[in-house]
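The values are calculated or read from the model by the stated rules, or taken from the named source; none is laboratory data. Note that this is a predicted model, so its numbers are computed, not measured. Methodologically, a virtual Cβ is constructed for each residue, glycine included, from the backbone with ideal geometry; neighbour enumeration extends over all protein chains shown.
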Amino acid sequence: MIASLGMYDMPPMQAANDRYWALIAEALNIFVPLTRGAGAYWDAWQSNDLILSQTCGYPYRARLHGQVTLVGTPDYGLPGCAPGYYYSVFVARNDDPRDNLAAFDGARFAYNEPLSQSGWAAPQTHAHGLGIYLPPSLETGGHAQSAAAVAEGRADIAALDALTWSLLQRHAPALSLREVARTSPTPGLPYITARHRDPAPIFATISDAIVALSPQDREILHLNGIVAIPSSSYLEVPIPPAPDQIAQRN
């Protein structure tokens, strides 16, 4: 059996995630540790042995829909969002004189990966709607790496999901970045289980586990609760062109 919570599992959060998972696992009578590293993502998401993981909205609608079961979406209490929703934050260096997104038209854009909702899909959809071109200049492999690429001058702008931006401001303040703009909110990162599993008891167990967490752990993990966002809400979010298609068109 496999469980992973890799989306928000920075080293300062890992002990709290372990305690969170221990509450869920005990209630489900399943005693396996959290999978970390590369196996926490596609290998876990596509396994018939998956008990619980967290994916991104873009992989869910592009590849995983119909292959996994949606359990629910954690609510991180983000300002300006309905429960369970989130948005992307465009970030630039503090010393960059450009003060609005339009001024970054044609600027070097760093993104974590082409199947990221917050790092690729949402910012590209948002920019396209404004008539702005953000050329895919650097694929970094992660939000923190995208932030570092901008801070180090290897890119001019990047988009990070709102919770990651908050976590980086807390845990990596030396990056010296500032917010430029935000995208519109979309459904947040959903919890999933294997296709053949009943999601209802898992949803209820997660809800109870969040309540049972200490206030300190809830604060570390930013967890307010879990909500049921229908699959249709994920599937109706626009899918943008891939990076190579955007580069070719421009």
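Here is how the numbers come out for the structure above:
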{"read-out": "Pick from the range 96-128, criterion in contact (Cβ under 8 Å) with a residue 60 or more places away in the chain and over 17 Å from the mean Cα position of the chain (by Cα), ranking: nearest to Ile51 (Cα to Cα)", "value": "His128"}
{"read-out": "Test: Met13 is more than 21 Å from His65 (Cα to Cα) and aliphatic (A, V, I, L, M)", "value": "yes"}
{"read-out": "In the range 227-243, residue modelled with the lowest pLDDT [restricted to those that are β-branched (Val, Ile, Thr) and not in a strand (DSSP E or B)]", "value": "Ile239"}
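Every residue, every condition in (1) over 20 Å from Asn100 (Cβ atoms); (2) in contact with a Phe, Trp or Tyr (Cβ under 7 Å, 6 or more places away or on another chain), yes or no:
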| position | (1), (2) |
| --- | --- |
| Leu130 | no, no |
| Glu139 | yes, yes |
| Asp156 | no, yes |
| Trp165 | no, no |
| Thr186 | yes, yes |
